[in-house]
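The values are calculated or read from the model by the stated rules, or taken from the named source; none is laboratory data. Small disclaimer: the values here were computed from a predicted structure and weren't measured. Cβ placement follows ideal geometry from the backbone for every residue including glycine, while neighbour counts extend to all protein chains displayed.
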Amino acid sequence: MKLKLVLEILGFVALAVLVAVMPSFVSDFHSREFAIVGMYFIALLGLGVLTGYSGQISLGHGAFMAIGGYTTAILSVDGISGHPVRDIWTIPIAGVVAGLAGLLVGVPALRLSGLYLALITFGIAVSFPQLPKKFGGFLGGTSGQILNLVKAPFGLDLTPNDWIYYLTWGIALVLLAVAWWLLRGPTGRALQAIRDSEVAAASSGINLAFYKTLAFGISAFYAGVAGALYAMASAYVNPDTFPIILSIYLVVGLAVGGLGSLAGLIAGAALIYFLQNHADTVARWVNHLPAVDLNPKQPGISSAIFGAVLILVMLLLPTGAGGLLRKVFRPLTTRLYTRS
Amino acid sequence: MVGVRVLLVCLLAAAVAAAAAGARPNATPGVTANEIHLGSSVPLSGEAAIAGNVARGAEAYFKYVNARGGVNGRRIKFTYLDDGYDPGRAVNNTIRLVQQEQVFAMFSSLGTNNNLAVRKLLNDNKVPQLFVSSGATTFGRDYKKYPWTIGYIPPYSEEGAIFGRYIVKNIKKPKIAILYQDDDYGRDLVSGLRRGLGAKAKSIVARVGYDPTSSDVQPQVTQLKASKANVLMVFAFGKFSLQAFNAVSRLNWKPQIFVNDVSSASALMSIVPQKAANGAISIVFGKDPASSLWKSDKGIRLFQSILKQHGQDITSRDLKDGYFTAGMATAYTMVNTLKKAGRNPTRQSVMNAATHLNEKGNPFVLPGIVIHTTPKSRFPLTQVRLQRWQDNNWRPFGKLISARPR
């Protein structure tokens with residue numbers, strides 16, 4: 001076990017160094033793209049805790065992102081009784097507000113599981129976009145809310161994109177460490193026990209109600225933080241910013257990243273970002289194959305490519321990127337472990 | 001704790017790398033010795049996809065200009081991205097175009113919300129937001145706050161006012177029902193209509209908004225019919241306008257319909273039930289390639305030959321699609337603006353040119369229309385005629401009327 005711990009810490013450090021030096025090697029715009037990948041990664045971490053560890057499926061995490069995004073929008077533009085809050089301080093608040101919403105959803109989750117729970121959460125994803133339309137004066141309706149552009153604080157000499165990149169990945173690394181620390185201790189064991197068998201878990205003295213709601217709360221907190229960052233980066237929120245399909249994409253990212261693996265989720269996050277925004281590039285690559293002639297500008301081509309890539313990934317990597325990582329490292333860890 | 005220390009080291013490393021990533025080149029973006037790069041975000045998919053043909057029309061015109069030597073020896077490169085009519089994606093596209101593609105200016109992006117969502121961002125970065133494909137009055141009116149933005153088509157509020165004045169003059173005892181898109185676009189039209197009606201604004205007996213993300217407006221139309229109105233304003237866009245005509249026909253309702261310009265394309269009008277569409281009134285400022293009126297017109301002939309020669313994947317239907325002509329008309333003005341902006345255009349000089357236009361003879365708009373702007377009047381196209389749908393054709397009637405806000 002010791003060796004696994006060392007490997008995990010080494011991996012974390014390697015990731016942190018990679019994150020730190022990345023902007024020096026890529027263009028300013030790519031920093032922004034990686035920042036958005038980081039936001040998806042944060043949301044996926046939360047979903048990983050919930051679905052990967054406690055086994056509760058949520059098809060409504062886009063709604064928690066939306067709650068976070070709207071919290072940031074309202075606090076940084078309208079503020080509290082007319083005093084706008086500085087954007088970075090809205091992030092933890094957004095996380096807490098979304099987290100509370102998550103706890104609320106966690107309550108019915110106690111009675112439902114599997115498909116039924118998934119449907120409830122899907123209902124939330126479907127109905128949430130209606131709220132800003134209903135309360136147009138407060139939430140901005142379909143016209144949405146325009147935020148101030150992000151700017152590096154404390155006189156830091158950073159472009160807005162580099163700033164949002166470091167902010168996002170700084171938070172992502174902290175939240176990754178927190179999730180990792182939480183999941184390797186008793187909480188993680190309790191959640192996994194619940195996932196494997198609720199009856200067995202309850203009979204070994206695990207408080208089902210407490211842990212299941214907790215998982216929802218934590219997971220929604222993560223999504224809220226991701227949503228807050230996304231709102232800041234876009235400088236704009238409206239109901240379409242967090243569409244229903246986003247919730248589905250997150251589940252897709254989780255499956256691609258691998259259930260029960262935290263680091264693999266980065267691959268999941270990258271996939272959902274790049275397939276959404278660069279499917280035309282993929283179409284151009286595919287065109288190099290013989291007898292293929294796709295028009296990258298054709299409507300709907302991005303959805304088709306997205307679907308095709310997804311099927312391929314799931315066929316080739318049924319356990320996701322996390323499964324692949326484990327497969328690569330297992331011979332190494334077991335070998336070294338048995339020798340020592 | 002090891003973890004905490006590791007984290008601190010990482011954050012420190014991040015800060016150092018961040019400081020190193022400071023300076024980046026900052027010349028006039030998007031203009032090189034032989035190229036000017038323009039960007040746009042339009043719907044190429046989703047319910048408003050048909051309107052994305054505006055960008056395809058503009059693209060063909062720029063290629064035509066390039067084939068003739070470009071503007072002052074520079075060819076125009078035009079990159080447009082699909083936003084599915086979703087403002088969030090329009091934000092992403094715009095940021096990508098400005099930061100990654102390094103465009104010189106944004107040109108003719110489509111949609112009211114979509115342009116509103118990026119207006120602040122573009123103005124804060126001093127990137128021109130030229131000739132937006134939206135008639136929301138704010139794009140021409142609020143230039144003090146947003147000096148880098150300018151509209152193109154007649155403001156919706158004035159279009160509404162024109163309908164209002166027409167009703168006052170020509171319809172006895174009007175009882176008006178309004179179907180409108182519940183955003184700045186729909187509300188602009190409604191407020192203009194009220195102004196045009198003046199004292200007769202009382203004759204509005206019902207108005208129902210619909211949400212641009214909803215799926216069908218049949219319930220709204222049913223509700224409006226119940227008001228026993230004899231006039232129906234269709235301030236709806238794309239598929240919603242289609243659904244409105246369908247619903248009117250299905251309900252056997254026979255009001256005098258007014259349909260706003262952006263939904264009045266012949267391509268759209270000819271596929272709705274004609275018993276509802278016949279006699280509908282709209283405004284017009286572009287030449288309609290589907291109309292027999294312009295069959296032998298020089299401008300429309302030019303339009304069709306450019307599209308055939310320089311357009312991409314052009315079908316015979318596209319040659320009669322008004323969105324393509326609208327795109328070409330805007331591109332024509334854009335080229336004139338670039339010519340006016342000097343040998344070596346800057347973002348400032350192109351803005352200056354766009355606010356000092358006096359363009360006569362744009363071949364793709366109605367004869368007699370002058371595209372005119374001053375720094376204090378930023379509504380380029382403000383002359384329109386009324387038109388009536390008859391026998392599968394729009395028939396303009398009356399003289400050119402002013403749609404310039406006072």
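Here A:Val6 meets each of (1) over 30 Å from A:Gly137 (Cα atoms); (2) surrounded by fewer than 24 Cβ atoms within 10 Å (Cβ to Cβ); (3) under 18 Å from the mean Cα position of the chain (by Cα) with one exception, condition (3).
Is it true that A:Val126 is over 23 Å from B:Asn115 (Cβ atoms) and surrounded by fewer than 21 Cβ atoms within 10 Å (Cβ to Cβ)? When the stated conditions are applied, A:Val126 passes them.
It is to be established whether one or more residues within region B:83-104 are in a strand (DSSP E or B) and among the hydrophobic types (A, V, I, L, M, F, W, C). No, region B:83-104 has no match at all. Please indicate, with yes or no, whether at least one residue in region B:24-35 is within 9 Å of another protein chain (Cβ to nearest Cβ) and over 23 Å from A:Pro129 (Cβ atoms). Yes, region B:24-35 contains a residue that is within 9 Å of another protein chain (Cβ to nearest Cβ) and over 23 Å from A:Pro129 (Cβ atoms). Of the residues making up region A:135-157, those that are more than 9 Å from chain B (Cβ to nearest Cβ) and free of Cβ contacts under 8 Å to residues at least 40 places away in the same chain number 5. Working carefully through the options A:Ser31, A:Ser24, find the one that is among the polar types (S, T, N, Q) and either buried (at least 22 other Cβ atoms within 10 Å of the Cβ) or at pLDDT 90 or above (or both). Testing whether each residue is among the polar types (S, T, N, Q) and either buried (at least 22 other Cβ atoms within 10 Å of the Cβ) or at pLDDT 90 or above (or both) leaves just A:Ser31. Each residue in region B:244-257 was checked for being crowded, with 18+ Cβ neighbours inside 10 Å and either farther than 11 Å from B:Ala276 by Cβ or touching a strand residue (DSSP E or B) at 6+ places or on another chain (Cβ under 6 Å) (or both), and 3 pass.
Would you be able to say whether some residue in region B:324-331 is within 21 Å of the chain's Cα centre (by Cα), within 20 Å of B:Gly57 (Cβ to Cβ) and hydroxyl-bearing (Ser, Thr, Tyr)?
Scanning region B:324-331, I find at least one residue that is within 21 Å of the chain's Cα centre (by Cα), within 20 Å of B:Gly57 (Cβ to Cβ) and hydroxyl-bearing (Ser, Thr, Tyr), so the answer is yes.
Evaluated against (1) of a type outside the set (A, V, I, L, M, F, W, C); (2) away from chain B (no Cβ under 13 Å); (3) in a helix (DSSP H, G or I), A:Gly11 falls short on exactly one condition, (2). Only one entry of A:Ser234, A:Ser261 meets the criterion of being within 14 Å of chain B (Cβ to nearest Cβ) and of a type in the set (S, T, N, Q), and that entry is A:Ser234. Only one entry in B:Phe245, B:Phe240 is under 23 Å from the mean Cα position of the chain (by Cα) and away from chain A (no Cβ under 14 Å), namely B:Phe245. Of the residues examined, B:Leu121 is not one that is under 16 Å from the mean Cα position of the chain (by Cα), farther than 26 Å from B:Gly196 by Cα and assigned by TED's automatic domain parsing to the domain that holds B:Tyr85. Among the residues examined, A:Gly188 does not qualify as of a type outside the set (A, V, I, L, M, F, W, C), part of a helix (DSSP H, G or I), surrounded by fewer than 21 Cβ atoms within 10 Å (Cβ to Cβ) and facing another protein chain (nearest Cβ under 9 Å). Taken together, A:Pro132, A:Pro160 contain a single residue that is surrounded by 14 or more Cβ atoms within 10 Å (Cβ to Cβ), closer than 18 Å to A:Gly68 by Cα and within 14 Å of chain B (Cβ to nearest Cβ), which is A:Pro132. Within region A:25-41, the set of residues being more than 20 Å from A:Gly253 (Cβ to Cβ) and either part of a loop (DSSP other than H, G, I, E, B) or in contact (Cβ under 8 Å) with a residue 12 or more places away in the chain (or both) comprises A:Val26, A:Ser27, A:Asp28, A:Phe29, A:Ser31.
Take the conditions within 9 Å of chain A (Cβ to nearest Cβ), closer than 29 Å to B:Pro375 by Cβ, of a type in the set (A, V, I, L, M) and not in a loop (DSSP other than H, G, I, E, B) and apply them to B:Ile76. Does it pass? No; evaluated as a whole, the condition is false for this residue.
Against the numbered list (1) small (Gly, Ala, Ser); (2) assigned to a loop (DSSP other than H, G, I, E, B); (3) free of Cβ contacts under 8 Å to residues at least 12 places away in the same chain; (4) farther than 30 Å from A:Leu294 by Cβ, B:Ser349 comes up short only at (2). Would you mention how many residues in region B:177-227 are within 14 Å of another protein chain (Cβ to nearest Cβ), assigned to a strand (DSSP E or B) and among the small types (Gly, Ala, Ser)? Summing the residues that are within 14 Å of another protein chain (Cβ to nearest Cβ), assigned to a strand (DSSP E or B) and among the small types (Gly, Ala, Ser) in region B:177-227 gives 1. When B:Gly368, B:Gly327 are checked against the criterion of being of a type outside the set (A, V, I, L, M, F, W, C), part of a loop (DSSP other than H, G, I, E, B) and in contact (Cβ under 8 Å) with a residue 24 or more places away in the chain, a single residue qualifies: B:Gly368. Screening the candidates A:Gly79, A:Gly102, A:Gly68, A:Gly60 for the property of being under 30 Å from A:Ala152 (Cα atoms), surrounded by 15 or more Cβ atoms within 10 Å (Cβ to Cβ) and of a type outside the set (Lys, Arg) yields one hit, A:Gly68. Checked across region A:312-334, the condition of being closer than 27 Å to B:Ala55 by Cβ, assigned to a helix (DSSP H, G or I), modelled with pLDDT of 75 or more and over 21 Å from the mean Cα position of the chain (by Cα) holds for no residue.
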